[in-house]
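The values are calculated or read from the model by the stated rules, or taken from the named source; none is laboratory data. Only a predicted model underlies this, so the values are computations on that prediction, with no experimental measurement involved. Cβ atoms come from the backbone with ideal geometry, glycine included; neighbour counts cover every protein chain shown.
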Ligand SMILES: [Zn+2]
């Protein structure tokens with residue numbers, strides 16, 4: 001697993017050849033995306049993200065962060 005942000009720009013197509021990952025430090029340890037791109041990916045993932053109020057997204061990001069922490073705790077028990 002790579003330790004950098006795995007975001008691929010929209011201009012890159014993994015099916016056409018090697019792509020370059022963003023490679024920045026992820027927002028949280030073990031996370032796949034940096035602070036800049038986790039928002040993009042998350043908003044894309046929710047589809048309605050762009051039309052939602054930032055406060056709602058911020059709250060959901062907090063929930064995501066909590067989930068991430070739970071993930072990490074669970075991984076210690078494996
Ligand atoms: Zn990135």
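Below are the figures for this structure:
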{"read-out": "Options 43, 12, 6; residue that is more than 9 Å from the ligand (Cβ to nearest atom) and modelled with pLDDT of 85 or more", "value": "12"}
{"read-out": "Any pair with Cβ under 9 angstrom, 6 or more apart, that starts in region 12-35 at a residue that is touching a residue at least 40 places away in the same chain (Cβ under 8 Å) and closer than 25 Å to residue 70 by Cβ and ends at one that is more than 13 Å from the ligand (Cβ to nearest atom) and assigned to a loop (DSSP other than H, G, I, E, B)", "value": "30/1"}
